[in-house]
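What follows is a single structure, written as structure tokens, with notes after it.
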Amino acid sequence: MQEETKPNTPTPLERTRPSRAQRRRAQRRKRAIPTSAEGRSALLQSLVKRAYPSYEFFVFAVFCGAILGLGYLLDSQAVLVFGILMAPLMSPIVGMTLGVVSGSGSYFFKALLAFSVGSLLVFATGAIAGLAARIWLPMTFTQTFLQARLWWADLVVLALGAMLLAASFVRSEKKPFLPSVMVAYELFLPLNAAAFGLASQVEGLFFEGVLVFIVHLAWTLLFGTLTLFFLA
């Protein structure tokens with residue numbers, strides 16, 4: 001005679017033990033921005049310290065800009081990708097969004113100043129490559145013209161990158177390299193292309209590249225700020 005199988009009834013310990021999904025939700029809540037004023041202030045202070053760049057940001061900005069300029073000079077997409085992989089962590093972007101969310105003008109302008117210096121380094125190295133390009137003119141600069149134009153697909157990628165950068169920076173202590181590369185790709189490529197066009201005197205690059213850079217920067221700050229507001 002077969003024994004009846006008893007249903008697996010949970011023990012009192014199992015009933016009180018949270019499931020894996022519940023533990024994940026609890027961890028997310030812990031990492032979110034606290035609701036209390038003291039907790040929010042402490043978290044914002046910690047995030048601002050992490051967002052303020054070190055000297056590595058400026059060093060890698062020079063390397064990134066130099067390789068991007070070489071990529072435009074050689075009209076090589078592979079070199080451009082390598083240059084973006086050398087881009088610094090875009091922590092000043094997070095700092096600016098934190099300044100907007102917290103309402104602190106000093107946070108915002110400190111991060112803006114750091115980002116502006118890094119951008120000037122990318123611009124200057126692109127201009128050096130543009131000066132070198134005068135030696136071999138006329139040349140075709142297909143990649144340069146592509147990056148100095150506004151494309152809707154770039155806006156989609158940039159919005160996603162800005163949201164991931166802000167969310168990853170707040171919720172984890174790890175450096176969000178992948179979202180940072182996405183944002184750097186959309187910001188530094190048109191900026192470097194604009195500098196290349198200005199120095200090489202190739203028409204249709206400077207003003208167009210600067211316009212794309214400004215639009216992309218505003219787009220990044222918009223979606224990064226919205227992400228932090230939703231997390232709050």
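The values are calculated or read from the model by the stated rules, or taken from the named source; none is laboratory data. All figures in this text were calculated on a predicted structure; none of them were measured in a lab. A quick note on method: Cβ atoms are made from the backbone with ideal geometry, for glycine too, and the neighbour counts reach across all protein chains shown. With ligands, DNA and RNA removed, areas are computed over all heavy atoms of the protein, side chains included. Shrake-Rupley method; radii C 1.70, N 1.55, O 1.52, S 1.80 Å.
Worth a mention:
- Checking each residue in the stretch 216-225 for being more than 10 Å from Ala159 (Cα to Cα), open to solvent by 50 Å² or more (accessible area, probe 1.4 Å) and touching a helix residue (DSSP H, G or I) at 6+ places or on another chain (Cβ under 8 Å) picks out no residue at all.
- Of all the residues in the stretch 183-205, those that are at pLDDT below 95, open to solvent by 40 Å² or more (accessible area, probe 1.4 Å) and not charged (D, E, K, R) number 1.
- First in the stretch 115-143 and touching a residue at least 12 places away in the same chain (Cβ under 8 Å), second anywhere and open to solvent by 50 Å² or more (accessible area, probe 1.4 Å) and part of a loop (DSSP other than H, G, I, E, B), Cβ under 9 Å, 6 or more apart: Gly130/Gln201; Ala133/Met139; Arg134/Gln201; Leu137/Gln201
- Residue within the stretch 164-171 that is touching a residue at least 12 places away in the same chain (Cβ under 8 Å), surrounded by fewer than 24 Cβ atoms within 10 Å (Cβ to Cβ), among the basic types (Lys, Arg) and not in a helix (DSSP H, G or I) present: no
- If you check Gly65, Gly95 for being open to solvent by less than 30 Å² (accessible area, probe 1.4 Å) and over 25 Å from Ser168 (Cα atoms), only one passes: Gly65.
- When the stretch 52-69 is filtered for residues that are in contact with a Leu (Cβ under 9 Å, 6 or more places away or on another chain) and not β-branched (Val, Ile, Thr), the ones remaining, listed by number, are Pro53, Glu56, Phe57, Phe58, Phe60, Ala61, Cys64, Gly65, Leu68.
- Among the helices (runs of 4 or more DSSP H) confined to the stretch 16-124, the ones with at least 2 residues that are over 30 Å from Gln201 (Cβ atoms) and either at pLDDT below 95 or within 16 Å of the chain's Cα centre (by Cα) (or both) are located at 20-31, 37-51, 55-74, 91-102.
- Residues of the stretch 152-162 that are hydrophobic (A, V, I, L, M, F, W, C) and either surrounded by 15 or more Cβ atoms within 10 Å (Cβ to Cβ) or within 13 Å of Leu187 (Cα to Cα) (or both): Leu155, Val157, Leu158, Ala159, Ala162.
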